[in-house]
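Novice: This is the structure, below, for whatever I ask next.
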Number of protein chains: 2
Amino acid sequence: MTLEGHHLIGFASQAGATGAQSIEAINPASGEALAPRYSLAGQAEVEHACRLAEDAFLAYRRLPLEARAAFLEAAADNIDALGDTLTERAMAETGLPKARLEGERGRTCGQLRLFAEVLRSGDYLDVRVEDALPERTPMPRPSLAQQQVPLGPVAVFGASNFPLAFSVAGGDTAAALAAGCPVIVKAHSAHPGTSELVGRAVQQAAQDCGMPEGVFSLLYGSGSELGQALVKDPRIQAVGFTGSRNGGTALLRTAQARPQPIPVYAEMSSINPVLLLPQQLEANAEALGEAFVASLTMGAGQFCTNPGLILALSGPALERFVDRAGEAVREASPQLMLTPGIHAAYQQGVARLDESSDVSLVAKGKATGHLACPCQPHLFRTTATAFMGNDALHDEVFGACALVVECDSAEQIQQVLAALEGQLTATVHLEEADYALADRLLPLLERRAGRILFNGWPTGVEVCHSMVHGGPWPSTSDSRTTSVGSAAIQRFLRPVCYQAMPEALAPDSLKADNPLGLPRQVNGKR
Amino acid sequence: MTLEGHHLIGFASQAGATGAQSIEAINPASGEALAPRYSLAGQAEVEHACRLAEDAFLAYRRLPLEARAAFLEAAADNIDALGDTLTERAMAETGLPKARLEGERGRTCGQLRLFAEVLRSGDYLDVRVEDALPERTPMPRPSLAQQQVPLGPVAVFGASNFPLAFSVAGGDTAAALAAGCPVIVKAHSAHPGTSELVGRAVQQAAQDCGMPEGVFSLLYGSGSELGQALVKDPRIQAVGFTGSRNGGTALLRTAQARPQPIPVYAEMSSINPVLLLPQQLEANAEALGEAFVASLTMGAGQFCTNPGLILALSGPALERFVDRAGEAVREASPQLMLTPGIHAAYQQGVARLDESSDVSLVAKGKATGHLACPCQPHLFRTTATAFMGNDALHDEVFGACALVVECDSAEQIQQVLAALEGQLTATVHLEEADYALADRLLPLLERRAGRILFNGWPTGVEVCHSMVHGGPWPSTSDSRTTSVGSAAIQRFLRPVCYQAMPEALAPDSLKADNPLGLPRQVNGKR
C-alpha cells in the first residue's frame, strides 16, 4: 500500500488545499524526515468532514447492533491484514520496538472486537422498563422505558505514545463507533503514515459493510488549529483526547466556551504513586528496585501509567531499594523517545529536577550519542517535607524519570497522598503484615486514583470489563469514565426515557417481547 | 416546632454572624414578610460546613449500604412527621395549594425511600469482577474488579418551584447521600422556613442514625455569594442545581474555572415542544386544547416541563384546537406565582412576546387584582417561518405562557425541531394513521430531548427507575444523567478498578464470596 499523504473524508481520499502548510514524520532514531508530506487541514476539510458526520449520524445510530458490530470486526480484520507494512511504518515514525508495536496492534484489534461483543450483548443500552399501572391512585402510571442513545459526532485526538491503541482506531474511536457516534480523528503529527494506514483500513471497512459515508474521517493538522476548529464545530458532541495537560486543558476550555458546552474526555497527566509498605520493602527491597526500574524504563517511560513517584519510610530497607534501583538505571539499555519535541521536554523536566535544591540525583542511565532522540533514564530522591513544600515536584516528567520520596512515618505517607493531585493509578506493595496500614491508606487512594494495584506495576493496562483507565483531575478531565475497557462506551451515551410509547413505534431494543434478547431491568428487577 | 432562622451546620444550629445581611420569606398572596429573619452565610459558615463535610466523607463513604439506607428512611419518616406544620409553612412561603404540597411531600419522602431500596439492591455499584488468568500467554492476567465510589462532598441548590421535591431533601440530596457523598444545601431564599423544617428533619435523622457529623448542612444565602463560594471551595466535588439558565450557567462557569473543574448538574431551561400530528388533531382538536391548557396552567405554569410550544400543521383542525385552548385560557382560575421576582420576570416575558410583530395573542386569563403575585395565563401564536427566524421566541417564559407554531408541512415541523435547543421533554399526540410521520420525527426528538411522551402531557414526572429528567443543553448542563429517578445516583459516582487486591483488604462489595449478595458482572457475564 502506497502512502498518499491524503486526508480521508468519508469515502474519499483527498489532497489538502493548494498552499496549505504541511508536515512530514521524523524518524526519532536518525532525525530524518519520512515521505510523504501531509498537508494540514483547514476550515474547508473540517466543514466537509463534520457535514458528512452529521448526515451519517441519523442513519448510523439506527443501524442494528449487529451491523455496527460487523463494521468494527471488519476494521479489526483490515488492520490485522496490514501486518508488517503497519509495524514497519510505525517503527520508523515512533522508534518503538517491533514486538511492542505488534502487541499494540493486537490490542487495538482486540479492542475493536471487544466492542463488537459489547454491542451483541446489548448490556450497555441499560434498558429499563416499567409497566403501566392504569389502576394506581391518585394518578395512574404510564408505561416507561429507558435506554442509552449516542451523543452525536465525536472528535478523537490520536496520542503520540500509542500510535495504534490510543490513536486512529484506538479505544476512543472504537467506543464511539460502537456507541453509534461517527468519528473524526485528528491524526497525531508524529505518526501520520501509521495513521493513514489505519485510517484506510477503517474507511475500507465502512465501505465494505455499507456504513453511511461520514461515519469515519481522518484529518491531519495542528492541535491549535485543526483541534480547536473541530472542538468548536457545533456538530461535534464529544471529544476524546490523550496527551499533555496543556493540550487537554486547551481543548476543554474551548469545549466549555461553546454556546453548547460538550463533554471532553482528556487523559492528561499522572505520576502514578507507588507505595512500598514497610514489611514488603524489608523483605524484598532489591527485587522491588529491579522490577521498578523495568517498569520505569519500559517504552522509554512514555506510558501514562509510568511509575514516577515512590513513597516509602526512610531507613535501611529503602536504601537497599534505592541502591538496587540506581544500579538498574545505570545499566538500562538506551532507548529512543518518540519525537524531538518529547525528547526536548524530557530534558527540560529532568534539568528542572536536577537543579532543584530539594532533590538529589540517585542515578542516571547511559548517554547515547548516536540516537537523535535518546532517553537517558533518571532517578531522583527527596524528602516528604520537601515534596509537600514544592508543587513543581508533583508535575509529570514524561519519560523514564522518577522521584523517591522518603517519609518519616505512616502519617507522613498519608499526608503526601492527601497532597497529591488525581492519578490514573496508585500501587501498593505489601505483605500480610502491612495490611493494617494498607487498610488505612485505601480510602485515600480511592479518592486519588482510578486504578489501585497491589504487588504489581502500573504499566500494562488490561483491556477488559473491569478496567478503569481514568481518574480525578488532572489525570483526566472527567473522572466518571474510563478510556480503556468495555465501560468506555458510556462516554458517548446519554439516557432517553420513552413514556407510553406505542409498541409499533418502539425500537427493537424496547419492544415488549424483547426480540433482541437484551438484558433488561423490568419493574426494578434485572 | 419554632423556626429559629439558624444555619444548620453538622449537628449544630447557629445564628448567622453579627452584622450579616438577612432575608425574610414573602407571602406571594399578600406580599407580607414572614418571620423569622434568616441571616445570610458568609465565608466562615462555608468554611465550617465544608470542613465538616470533608471530615465526614471518609467515614460516611465506608458505611455499610444498610446504614445509609436507614438514614435516608429516617429522614423520610421525620419529614412525614412534620405533617401540616410543613405544608402550612410551605403554602405561606410559595402560594402553592395544599394538595399539591401534600403530594410533593409524599414524593419527596418516596424519593428518599427509593434510594434506600437502591442502596439495598446494590445494583448501582455496577460491580464487575474478572478472575486472574495466571497461565495466559504472553502475559498472565491479574484479577480485576471494578465498582463505583462516591465523588465527595456535594453542593445542592434548592429550587423555587419545588420547595420539597427539588429542595433541601429533594432528588439531588437523596441521590448524593445515597451515593455516599455529604451534602451542603443552599436553601432557596423564597422558602427559608420550609427549608429549615426539612433541614432539621434530615439533621435529626443523621444524629439518630449515628451518621458522622457534617454529612448534611443547610445554609441560607444569595446565589451570587454563598453559591459561588460553595462551588469554588476545593472540597466540593459536584454541584446539583435547578433554576434559571443564567443562574445555572454562572455556577457552571465557576466550576469550570476551578483549578480542579468539577461536574455541575444544572437543570435550567426548557420549552417542552408538543407535536399534534394531523390525524390525532383532526379527531380530537377540542379535547386536546382543553387538556393542553390544564397542563399549561397547572401550578401557574411553574414546572420545568411546562408545555410552552405547540407544533402542528396549519388548517381547520388547528384552528379548532386554538379556539378551544383560547377559551380555556380565558376561563382558567387565577393562581399565584411563587415570588415577586418570578412574577416580574413572567410579566416581562409575556410583554416581550406581546410586543413582537412575529407573534399574535390568542387569549389571556383573568386579571386578578387582589393577589400580590398573580399569574395571568397567556397563549400566543406564530408561524414556523417567523419562529425559525427569531431566536427570542425559543426562550422559556417561566409561567403559564405558551406559543402555538403553525407549520406548512411535515418537513417544516422537522425543520422547527432541528432548530430547537435541547429540551427536558418532547411530546407527540398521535393515532395510528400518524405513526409513519412519528417514525420520521422520532430520531430528531431523541436528539433534542431527555424524555419523549406519547398522548400525554409533560407535567408530572414519575419517580421511578426508567425516568429521565434531563436533556441536552440548555435544558441541563449535562445530558448524561437524570435528576429524577433511581439513575440519579450515577451523578455522584465514579468507577475505581482494583487489581490483584488481597481478599483480606477487599470491601464486602468485592469479596469473592459476595457476602452482600450484590448483582455482579463476572468475567463479562451478569
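Novice: Quick check, is residue A:401 more than 10 Å from every other protein chain (Cβ to nearest Cβ) and under 23 Å from the mean Cα position of the chain (by Cα)?
Specialist: Details: more than 10 Å from every other protein chain (Cβ to nearest Cβ): yes; under 23 Å from the mean Cα position of the chain (by Cα): yes.
Yes; evaluated as a whole, the condition is true for this residue.
Novice: Another question, then. Taking the condition of being surrounded by 23 or more Cβ atoms within 10 Å (Cβ to Cβ) and assigned to a helix (DSSP H, G or I), how many residues in segment B:89-98 meet it? Talk me through it step by step, then tell me what you get.
Specialist: Taking segment B:89-98 and keeping what is surrounded by 23 or more Cβ atoms within 10 Å (Cβ to Cβ), we get B:89-90, B:93-96.
Right, trim to assigned to a helix (DSSP H, G or I) and you get B:89-90, B:93-94.
Residues that pass the stated criteria total 4.
Novice: Out of (1) at pLDDT below 95; (2) under 34 Å from the mean Cα position of the chain (by Cα), the odd one out for residue A:108 is which?
Specialist: So residue A:108 meets the others, but not (1).
Novice: Now for a separate question. Among the residues of segment B:354-373, are any of a type in the set (A, V, I, L, M) and in a helix (DSSP H, G or I)? Working first, answer last.
Specialist: Taking segment B:354-373 first, the residues of a type in the set (A, V, I, L, M) are B:359, B:361-363, B:367, B:371-372.
Then keep just the ones that are in a helix (DSSP H, G or I); that gives none.
Within segment B:354-373, none of the residues are of a type in the set (A, V, I, L, M) and in a helix (DSSP H, G or I).
Novice: Mind telling me which of the residues B:132, B:59 ends up being surrounded by fewer than 24 Cβ atoms within 10 Å (Cβ to Cβ), within 14 Å of another protein chain (Cβ to nearest Cβ) and within 30 Å of residue B:229 (Cα to Cα)?
Specialist: Details: B:132 fails: within 30 Å of residue B:229 (Cα to Cα).
Only one candidate qualifies: B:59.
Novice: Right, next: Could you check, for segment B:1-19, whether at least one of its residues is modelled with pLDDT under 95, crowded, with 19+ Cβ neighbours inside 10 Å and either in the same structural domain as residue B:195 (by TED's automatic domain parsing) or part of a strand (DSSP E or B) (or both)?
Specialist: There is at least one residue in segment B:1-19 that is modelled with pLDDT under 95, crowded, with 19+ Cβ neighbours inside 10 Å and either in the same structural domain as residue B:195 (by TED's automatic domain parsing) or part of a strand (DSSP E or B) (or both).
Novice: Among residues belonging to segment A:218-258 that are hydroxyl-bearing (Ser, Thr, Tyr) and out of contact with any strand residue (DSSP E or B) (no Cβ under 9 Å at 6 or more places or on another chain), point out the one that is modelled with the highest pLDDT. It would help to see each step written out before you state the result.
Specialist: Step one: list which residues in segment A:218-258 are hydroxyl-bearing (Ser, Thr, Tyr), which gives A:220, A:222, A:224, A:242, A:244, A:249, A:254.
Filter once more, so that each one left must be out of contact with any strand residue (DSSP E or B) (no Cβ under 9 Å at 6 or more places or on another chain): A:224, A:244.
Working: A:224: 85, A:244: 94.
This residue is A:244.
Novice: Next question. May I ask you to list pairs of residues, at least six apart or on different chains, whose Cβ atoms are under 9 Å apart, with the first in segment B:308-327 being at pLDDT below 95 and the second being in a loop (DSSP other than H, G, I, E, B)?
Specialist: none
Novice: Checking residue B:460 against (1) more than 14 Å from the chain's Cα centre (by Cα); (2) surrounded by fewer than 23 Cβ atoms within 10 Å (Cβ to Cβ); (3) of a type in the set (Gly, Ala, Ser): exactly one of these is not met. Which one?
Specialist: Only one criterion is unmet by residue B:460, namely (1).
Novice: Name the residue that is surrounded by the fewest Cβ atoms within 10 Å (Cβ to Cβ), counting only residues in segment B:492-511 that are more than 9 Å from chain A (Cβ to nearest Cβ) and in contact with a helix residue (DSSP H, G or I) (Cβ under 6 Å, 6 or more places away or on another chain).
Specialist: Residue satisfying both the conditions and the ranking: B:509.
Novice: Among the numbered criteria (1) crowded, with 23+ Cβ neighbours inside 10 Å; (2) on the phi < 0 side of the Ramachandran plot, which single criterion is violated by residue B:180?
Specialist: Condition not satisfied by residue B:180: (2).
Novice: Could I ask something else about it? Scan (1) out of contact with any Cys (no Cβ under 8 Å at 6 or more places or on another chain); (2) crowded, with 21+ Cβ neighbours inside 10 Å; (3) in a helix (DSSP H, G or I) for the single condition residue B:275 breaks and write down its number.
Specialist: Only one criterion is unmet by residue B:275, namely (3).
Novice: Going through segment B:456-483 one residue at a time, which ones are farther than 19 Å from residue B:245 by Cβ and more than 9 Å from every other protein chain (Cβ to nearest Cβ)?
Specialist: B:457, B:459, B:461, B:463
Novice: Would you pick out the residues in segment B:331-353 that are within 19 Å of residue B:33 (Cβ to Cβ) and either outside the structural domain of residue B:400 (by TED's automatic domain parsing) or not in a loop (DSSP other than H, G, I, E, B) (or both)?
Specialist: Residues of segment B:331-353 that are within 19 Å of residue B:33 (Cβ to Cβ), as a first pass: B:336-344.
Hits for segment B:331-353 are B:336, B:340, B:341, B:342, B:343, B:344.
Novice: Keeping to segment B:46-65, report how many residues are among the aromatic types (Phe, Trp, Tyr) and under 12 Å from residue B:236 (Cα atoms). Write out each step before concluding.
Specialist: To start, the set of residues in segment B:46-65 that are among the aromatic types (Phe, Trp, Tyr) comprises B:57, B:60.
Next cut, under 12 Å from residue B:236 (Cα atoms) only: B:57.
Residues flagged as among the aromatic types (Phe, Trp, Tyr) and under 12 Å from residue B:236 (Cα atoms) within segment B:46-65 amount to 1.
Novice: Moving on. Name the residues in segment A:188-224 that are part of a loop (DSSP other than H, G, I, E, B) and aliphatic (A, V, I, L, M), would you? Can you show your working first?
Specialist: From segment A:188-224, those part of a loop (DSSP other than H, G, I, E, B) are A:188-191, A:209-215, A:220-222; that's our starting set.
A:190, A:211, A:215, listed by residue number.
Novice: Hey, another quick one. Please specify each residue of segment A:393-407 satisfying the condition of being charged (D, E, K, R) and part of a loop (DSSP other than H, G, I, E, B).
Specialist: Narrowing segment A:393-407 to residues charged (D, E, K, R): A:395-396, A:406.
A:395, A:396 - these are the residues of segment A:393-407 that are charged (D, E, K, R) and part of a loop (DSSP other than H, G, I, E, B).
Novice: Answer with yes or no whether residue B:375 is touching a Phe, Trp or Tyr at 6+ places or on another chain (Cβ under 8 Å) and either buried (at least 22 other Cβ atoms within 10 Å of the Cβ) or modelled with pLDDT of 95 or more (or both).
Specialist: Numbers: touching a Phe, Trp or Tyr at 6+ places or on another chain (Cβ under 8 Å): yes; either buried (at least 22 other Cβ atoms within 10 Å of the Cβ) or modelled with pLDDT of 95 or more (or both): yes.
For residue B:375, the condition - touching a Phe, Trp or Tyr at 6+ places or on another chain (Cβ under 8 Å) and either buried (at least 22 other Cβ atoms within 10 Å of the Cβ) or modelled with pLDDT of 95 or more (or both) - is met.
Novice: Sticking with this structure for a sec: Go through segment B:231-247 residue by residue and tally those that are more than 19 Å from the chain's Cα centre (by Cα) and in a helix (DSSP H, G or I).
Specialist: Step one: filter segment B:231-247 for residues more than 19 Å from the chain's Cα centre (by Cα), giving B:232-236.
Remaining after also requiring in a helix (DSSP H, G or I): B:232.
Within segment B:231-247, residues that are more than 19 Å from the chain's Cα centre (by Cα) and in a helix (DSSP H, G or I) number 1.
Novice: Consider only pairs whose beta carbons are under 8 Å apart and that are at least six residues apart or on different chains; among these, list those whose first residue lies in segment B:187-214 and is in the same structural domain as residue B:84 (by TED's automatic domain parsing) and whose second residue is assigned to a loop (DSSP other than H, G, I, E, B) and of a type in the set (Asp, Glu).
Specialist: Sorted first by the residue in segment B:187-214, then by its partner, the pairs are B:196/B:4; B:206/B:213.
A quick yes/no check of all residues on (1) in a loop (DSSP other than H, G, I, E, B); (2) more than 14 Å from chain A (Cβ to nearest Cβ); (3) surrounded by 21 or more Cβ atoms within 10 Å (Cβ to Cβ):
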site: B:83; (1), (2), (3): no, yes, no
site: B:86; (1), (2), (3): no, yes, yes
site: B:100; (1), (2), (3): no, no, no
site: B:109; (1), (2), (3): no, yes, yes
site: B:120; (1), (2), (3): no, no, no
site: B:128; (1), (2), (3): no, no, yes
site: B:138; (1), (2), (3): yes, no, no
site: B:156; (1), (2), (3): no, yes, yes
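Novice: What strands (runs of 3 or more DSSP E) lie completely within segment B:420-500 and have 2 or more residues being within 24 Å of residue A:473 (Cα to Cα) and in contact (Cβ under 8 Å) with a residue 12 or more places away in the chain? Write out each step before concluding.
Specialist: Working: elements: B:423-429, B:449-454, B:493-499.
Result: B:493-499.
Novice: OK, next. Identify the single condition in (1) in a helix (DSSP H, G or I); (2) more than 10 Å from chain B (Cβ to nearest Cβ) that residue A:114 does not satisfy, given that it satisfies every other one.
Specialist: (2)
Novice: Go through (1) crowded, with 24+ Cβ neighbours inside 10 Å; (2) within 14 Å of chain B (Cβ to nearest Cβ); (3) modelled with pLDDT under 95 and name the single condition residue A:150 misses.
Specialist: That leaves (3) as the condition not met.
The values are calculated or read from the model by the stated rules, or taken from the named source; none is laboratory data. As the structure is a computational prediction, the values presented were derived from the model and not from experiment. Positions of Cβ are backbone-derived with ideal geometry, glycine not excepted, and every protein chain shown enters the neighbour counts.
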